[in-house]
Amino acid sequence: MTKLAGQRSDYTFKYNAKLGRHGWLRLTPAYSVKLVQEIVAETPKDAFILDPFSGTATTGLCAAEMGMNAHLCDINPFLIWFGNTKLFDFSGNKLNNLEEIFNQILKKFPTKIEKDNWTPNLHNIERWWCGHTLPIVAALRTQIVEEVGEPSENPYSNLIWISFCRLIIETSSAAFNHVSMSFKGGVTKFEVHQVQEIFNSIFENILASARKTIRGKAKVNKIDSRNVEQINNIRYAHVITSPPYPNRMSYIRELRPYMYWTKFLDKASEAGELDWKAIGGTWGIATSRLKDWSPTDIDLPEILLQSCEKILHSGDKNSELMARYVHKYFYDMYLHFSSLPLLLENGARLDYIVGNSTFYGIHVASEKIYEKSLEMLGYTNITSTIVRKRNSKKELYEYCVSASWKRQRNLKTPTYNKP
Ligand SMILES: C[S@@+](CC[C@H](N)C(=O)[O-])C[C@H]1O[C@@H](n2cnc3c(N)ncnc32)[C@H](O)[C@@H]1O
């Protein structure tokens, strides 16, 4: 793998936008197809790949496109639904039928604009869509439900829903020029014919990439990676993943417009509950729960405890909370690394793409804490290399932390309360 320390945008999600299914929906923390392809290219062809933090299923799709098989895990129901649609091997004939249904939706929905259509319970919705555009989008949603029902296990109708997700973002004031999704200066007004044109062009694009056959098979499963479970007794030869970073990014926050419009979320309280299950989750109730959290008695790397101590004494009003945040993030990753061997083939290789972070000027060296955690748990051949620089000013980098797992006798695996 080529590794350079510049701010390589080809090693970020930006690279994926025009790559067929990889570009269906945008999630800023998705990693680059190019980077994953380079890692997958080093995997033996018959190896089964595991991604314990699937996100938008980039690893699974890269592997399947390269003719390999993969299993993925995530805890976010929207991402599991989305990932499995993205990984499905569609039949051309059924896609032709879907196109007819789509054309009916496009033709019929304007008659519903004056009606009182359902809109999601999204906080400050008028900040996303103006009073003119919102009823148009809501009418379109009602028509989709009438023709194909709500988002479901049916991968074909889900293509219409994924097109709808793209449409709501393209007609909204969402901006992607920051690490997290933010807002543009104002909302844009869209007329019915513009919404029809945009929706049609999105669907045509999605349909064209759904028609491309994928050679391998991959599937996303609802599994909490802090406490992994076996899937059909399979053991994996290569773990390729990018877990959350310790940077307070909330995937629920990033995905909220999609999750509310597709009814994967209804209330802000549900968002907090979901984020509490996510490693590094920090939204709503997840933050107040953190105040009462304390680790069970396990050994964690000294370098982690020192960083937490420095954050705690940094003098900021939130320093105690942030010290706890960092502690819990690496504690959860430690749980993950310790439960993982249940799924690994003897000699399995691990490649984790992760970023470091800073809290009140205190450097949190994620790669070093990962390395030490892996070492304490009996992994071998541990290395880390810089993939790219993330920010021009701060010393923020993305690393690839690699290791291997060899089955060992008499290795004492720690036990503690399951999350
Ligand atoms: C950085 S994102 C992965 C992005 C992915 N590589 C992609 O290209 O889209 C991390 C993912 O880990 C998931 N996650 C967080 N905590 C988890 C847990 N305990 N078990 C499984 N998945 C989890 C989040 O929901 C999120 O989708």
Does Met376 fit the bill of being over 25 Å from the mean Cα position of the chain (by Cα), modelled with pLDDT of 95 or more and not acidic (Asp, Glu)? yes
Scan of region 342-367 for residues that are hydroxyl-bearing (Ser, Thr, Tyr) and part of a strand (DSSP E or B), ordered by number: Tyr352, Ser357, Thr358
In region 35-53, how many are near the ligand (Cβ under 9 Å from one of its atoms) and either open to solvent by 10 Å² or more (accessible area, probe 1.4 Å) or assigned to a helix (DSSP H, G or I) (or both)? 2
Taking region 276-317 as the search range and keeping residues that are away from the ligand (no atom under 16 Å from the Cβ) and small (Gly, Ala, Ser), which one is least open to solvent (accessible area, probe 1.4 Å)? Ser307
Which of the following residues is among the hydrophobic types (A, V, I, L, M, F, W, C) and touching a Gly at 6+ places or on another chain (Cβ under 6 Å): Ala286, Ala278, Ala237? Ala286
Somewhere in region 108-128, is a residue within 21 Å of the chain's Cα centre (by Cα) and within 16 Å of the ligand (Cβ to nearest atom)? no
When you scan region 230-253, how many residues do you find that are among the polar types (S, T, N, Q) and not in a loop (DSSP other than H, G, I, E, B)? 1
The helices (runs of 4 or more DSSP H) lying wholly within region 57-145 that contain at least 2 residues that are open to solvent by less than 60 Å² (accessible area, probe 1.4 Å) and touching a strand residue (DSSP E or B) at 6+ places or on another chain (Cβ under 6 Å) are 58-65, 77-86
Just one of Thr287, Thr296 is part of a helix (DSSP H, G or I) and among the hydroxyl-bearing types (Ser, Thr, Tyr); which is it? Thr287
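The values are calculated or read from the model by the stated rules, or taken from the named source; none is laboratory data. Because the structure is a prediction, the values reported are computed rather than measured. Glycine gets a Cβ as well: all are built from the backbone with ideal geometry, and neighbour counts include every protein chain shown. With ligands, DNA and RNA removed, areas are computed over all heavy atoms of the protein, side chains included. Shrake-Rupley method; radii C 1.70, N 1.55, O 1.52, S 1.80 Å.
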